[in-house]
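Below: one structure, written as structure tokens.
The values are calculated or read from the model by the stated rules, or taken from the named source; none is laboratory data. Values in this document were obtained by computation on a predicted structure and should not be read as measured data. Backbone-built Cβ (ideal geometry, glycine too); neighbour counts: all protein chains shown. Surface accessibility is based on the protein's heavy atoms, side chains included, excluding ligands, DNA and RNA. Shrake-Rupley method; radii C 1.70, N 1.55, O 1.52, S 1.80 Å.
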Amino acid sequence: MNAVANSKVYIAKRLEVGLDPSNMPNHIAVIMDGNGRWAKKQGFMTRVRGHEVGVEALRRITTACAELGLGYLTVYAFSTENWNRPKAEVDGLMNILMNALEKELPVLQKNNVRLNAIGNIDSLPAKANKKLISVINATSSNDGLTLTLALSYGSQDEMVQAIRKVAKQVAAGDLSPESITEEHIEQHLFTAGMPHPDLLVRTSGEQRISNYLLWQLAYAEFYFTPVLWPDFDAEGLYEAIATFQKRERRFGQTSEQLTVK
Ligand code: IPE
Ligand code: IPE
Ligand code: MG
């Protein structure tokens, strides 16, 4: 399908689900939370079952974002702090990652999704890291939605790494401290080249950002839902976007300034 035909399909889908097609978030960031509580609620012996079912929710949401013609979906899959969980859970999560990468590749291809990752992916088990890179490469020419997995990701760690790189340029005499700009920080973040999220969704009722995209969320709208991640579906996503569409993003200006055309 060519770009014009594609955009007609996206607009039809946006209208079909009751959204304003001209006021869509280009980039949605998600904190996929509540897998452990979901497993407990369902009576499963292990939290890992919640993570397994969480993969299905991610497939649903990725497909829904692709159908709406969004540009970017960035999901928090594993934080730097999550390494401190019991070994059995960490091992379970890494296995789920491996299996999901294997199984989901055809789905990504079908939906024209490009996979990307942010975080210290070198600290993942070698097999998972290799698989991740192979799926990133296999989907690199897809030009629909970019799905970014935040893996072994922590925003403070990301900023420390960026600042170190800028400091090296200063130490080498290539940059003066006075000439450091926001762009210098920006270009050394894992997210370099990506637009900032417009909307942050966190499931499971927690209202915090848990070291996620602290820099990039500067002007994002926040949406919290009590729904646990394994239960989150396309309807929930549409509701989050509908809420976003009712907000007035002022970026520091006054409401009056925004309405003056
Ligand atoms: C989110 O679900 C997934 C990861 C952090 C990997 P949790 O595992 O945090 O589930 P809850 O918050 O304990 O219910
Ligand atoms: C944030 O959830 C990380 C992911 C969803 C991957 P956590 O469950 O780890 O966050 P806290 O500990 O409740 O803040
Ligand atoms: Mg949690």
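Where does the charge balance sit around Tyr76 when Lys and Arg score +1, Asp and Glu -1, over other residues with C-beta under 13 Å from its C-beta? Intermediate values should be presented prior to the final figure.
Details: positive: Arg202, Arg208; negative: Asp33, Glu81, Glu158, Glu206.
Taking every Cβ under 13 Å from that of Tyr76, the sum is -2.
Dipole of the chain (Lys/Arg Cβ +1, Asp/Glu Cβ -1, origin at the Cα centre): which of Ile28, Ala162, Gln253 lies farthest to the positive side?
The residue sitting farthest along the positive end of the dipole is Ile28.
Which cross-chain or sequence-distant (5 or more) residues have an amide H under 5 Å from the amide H of Glu221, H modelled 1.01 Å from N in plane?
Distant-sequence amide H within range of Glu221: Leu199, Leu200.
Leaving out ligands and nucleic acids, note down the accessible area per residue over segment 1-129 with a 1.4 angstrom probe, in whole Å². Could the numbers behind the result be given before it?
On the way: 6540 Å² over 129 residues.
Ligands and nucleic acids excluded, the figure is 51 Å² per residue.
Run through every distinct alpha carbon pair of segment 163-225 and return the Kirkwood hydrodynamic radius in angstroms, one decimal place.
Evaluated over segment 163-225, this radius sits at 13.7 Å.
Count charges around Ala234 for me, please; just the other residues with Cβ under 15 Å from its Cβ, Lys/Arg as +1, Asp/Glu as -1.
On the way: positive: Lys13, Arg14, Arg59, Arg60; negative: Glu16, Glu56, Glu67, Asp231, Asp233, Glu235, Glu239.
Net charge in that neighbourhood comes out at -3.
For Ile61, what is the net charge nearby, where nearby means another residue's Cβ is under 15 Å from its Cβ and Lys, Arg count +1, Asp, Glu -1? Show your work: numbers first, answer last.
Numbers: positive: Lys13, Arg59, Arg60, Arg202; negative: Asp33, Glu56, Glu67, Glu104, Asp231, Asp233, Glu235, Glu239.
Net charge around Ile61: -4.
Mind checking which of Leu101, Gly119, Thr139 is farthest towards the positive end of segment 97-221's charge dipole, using Cβ charges of +1 (Lys, Arg) and -1 (Asp, Glu) about the Cα centre?
Leu101
Once neighbouring chains are kept in place and the probe is 1.4 Å, which whole percent of the accessible area of segment 1-109 is contributed by carbon and sulfur? Walk me through the numbers on the way to the answer.
Values: 3110 of 5530 Å².
Carbon with sulfur: 56 percent of the solvent-accessible area.
Taking all protein chains as present, what is the carbon and sulfur share of the accessible area of segment 111-230, in % to the nearest whole number, probe 1.4 Å?
Values: 2980 of 5690 Å².
Carbon and sulfur atoms account for 52 percent of the accessible area of segment 111-230.
Please arrange Trp83, Trp38 by accessible surface area, largest first, computed with a 1.4 Å probe and ligands excluded. Mind dumping the intermediate values first?
On the way: Trp83 85, Trp38 25 Å².
Most to least solvent-accessible, the answer reads Trp83, Trp38.
Quick query: amide H of Ile118 versus all other amide H atoms, modeled in the peptide plane; which residues come in under 5 Å with a sequence gap of 5 or more or a different chain?
Leu149, Ala150, Leu151
Would you mind getting the Kirkwood hydrodynamic radius of the chain from its Cα pairs, rounded to one decimal in Å?
On the way: mean 1/r = 0.0509 Å⁻¹.
It is 19.7 Å.
When the C-alpha atoms of segment 109-159 are aligned to their principal axes, what extent does each axis show, in angstrom, from largest down?
33, 24, 12
Normalising by the residue count of the chain, find the relative contact order in percent from Cα pairs under 8 Å and 6+ residues apart. Can you show the working numbers first?
Details: 375 pairs, mean separation 67.3, N = 261.
Once divided by the residue count of the chain, the mean separation gives 26 percent.
At q = 0.17, 0.18, 0.23 Å⁻¹, what is the log10 ratio I(q)/I(0) for segment 147-254, with the Debye formula run over Cα points and no solvent?
-0.93, -1.00, -1.32
Quick check on the chain: helices-only [θ] at 222 nm, where DSSP H runs of length 4 and up contribute -39,500 (n - 2.57) each and the sum goes over total residues. Nearest 500, please. If you can, show how the numbers build up before the last one.
Numbers: 9 runs with 119 residues, N = 261.
Calculated from helices alone, the mean residue ellipticity at 222 nm is -14500 deg cm²/dmol.
Whole number please: convex hull volume per residue of the Cα set in segment 1-117, in Å³? Could the numbers behind the result be given before it?
Numbers: hull volume 14.2 nm³, N = 117.
Cα convex hull per residue, to the nearest whole number: 122 Å³.
Counting only Cα atoms, I'd like the Rg/Rh figure for segment 54-97, Kirkwood definition for Rh. Can you show the working numbers first?
On the way: Rg = 13.3 Å, Rh = 12.1 Å.
That ratio equals 1.10.
Just tell me which lysines come within less than 22 Å, Cα to Cα, of Lys8; anything on the same chain fewer than 8 places away is out.
Correct list for Lys8: Lys110.
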